[in-house]
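Right, one structure below, let's go through it.
What follows is calculated from the coordinates using simple rules that are stated; it is not laboratory data. Treat the numbers as computed from the prediction; the structure is a model and nothing was measured. As a convention, Cβ positions derive from the backbone with ideal geometry for all residues, glycine included, and neighbour counts pool all protein chains shown.
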Amino acid sequence: MFETQRCLINTFQKFDYDEVKLLYMNQEVRNFLGGIREEDSIIEVLNEMLHSNKDSYYWVVREKRTEAFIGLVSLTPHHDGLYLEVSYQFSPNWWGAGFATEVVQEIINFAICELKLTKVVAETQTANISSCKLLEKLGMKLERKVIRFGAEQAIYSFDSNVVTNF
């Protein structure tokens with residue numbers, strides 16, 4: 001479990017299924033993530049998250065004061081297979097208030113300080129301007145662009161050898 005100023009970040013559990021499932025069914029959330037998933041696909045993803053391997057981490061984010069569900073954050077092997085990728089999905093009710101910045105920063109800190117990773121990546125569609133700005137605000141640098149999932153993706157990285165505040 002992690003705690004930020006306003007959030008509780010707990011390991012994904014079976015009792016989180018219903019709330020996380022709503023993220024996968026939300027068109028706004030899934031706009032830059034391949035669209036709404038089918039029911040069977042969602043259950044499969046949730047089961048994979050629950051029984052993830054040792055280099056995959058999935059956390060549910062809740063507002064500290066009320067324990068209201070905010071979203072999901074993960075640290076999993078990137079498509080390219082070289083580094084772990086930080087990913088996030090937050091309910092639109094919580095967008096624009098700095099919660100994602102707070103949570104993703106905590107996960108990057110965990111990756112660098114606790115897991116002793118030298119580099120963490122994030123991938124987002126270039127069309128997702130808000131996500132690109134968030135990653136840049138956290139000190140991630142645009143590494144390259146690729147076409148994947150039928151859209152242009154921006155791959156950002158945070159390299160602990162370049163940054164000295166850890």
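Using the alpha-carbon centroid of each, what span in Å lies between segment 88-166 and segment 23-84? So the separation of the two Cα centres works out to 15 Å. Put in order of Cβ neighbour count within 10 Å, fewest first, the listed residues Ile9, Ile70, Ile36 become Ile36, Ile9, Ile70.
Considering only Cα-Cα distances, which of the following residue pairs are longer than 28 Å: Lys64/Lys141; Lys116/Lys145; Lys21/Lys116?
Numbers: Lys64/Lys141 30 Å; Lys116/Lys145 26 Å; Lys21/Lys116 31 Å.
As for pairs spanning more than 28 Å Cα to Cα, those are Lys64/Lys141; Lys21/Lys116.
For GluC sites (Glu not before Pro), the sites in segment 1-81 that DSSP calls loop and that have at most 11 other Cβ atoms within 10 Å are Glu38, Glu67. Please work out, to two decimal places, the log10 of the ratio I(q)/I(0) at q = 0.17, 0.18 Å⁻¹ from a Debye calculation in which every Cα of segment 1-57 carries one identical scatterer. Ignoring solvent entirely, the Cα scatterers give -0.66, -0.73. Close amide-amide hydrogen proximity is noted between Ser160 and Lys119, Val120, each under 5 Å apart and 5 or more residues distant or on a separate chain (H modeled in the peptide plane; Pro and chain starts excluded). With 0.36 nm allotted per residue and the present C-alpha distance subtracted, the Gln27-Glu136 stretch has 36.8 nm of extension available. Listed by chain and number, the aspartates and glutamates placed with their C-alpha closer than 17 angstrom to that of Lys54 are Glu85, Glu114; residues fewer than eight positions away on the same chain are left out. Computed from the alpha carbon atoms alone, the convex hull of the chain holds 115 Å³ per residue. Sites listed here are chymotrypsin sites (Phe, Trp or Tyr not before Pro) in segment 56-116 whose DSSP assignment is loop and whose Cβ has at most 12 other Cβ atoms within 10 Å, and the list is empty. With the convex hull drawn over the C-alpha atoms of segment 86-166, the volume per residue is 95 Å³.
Between Asn109, Asn93, Asn31, the GNM of the chain built on Cα springs shorter than 10 angstrom shows Asn93 fluctuating the most.
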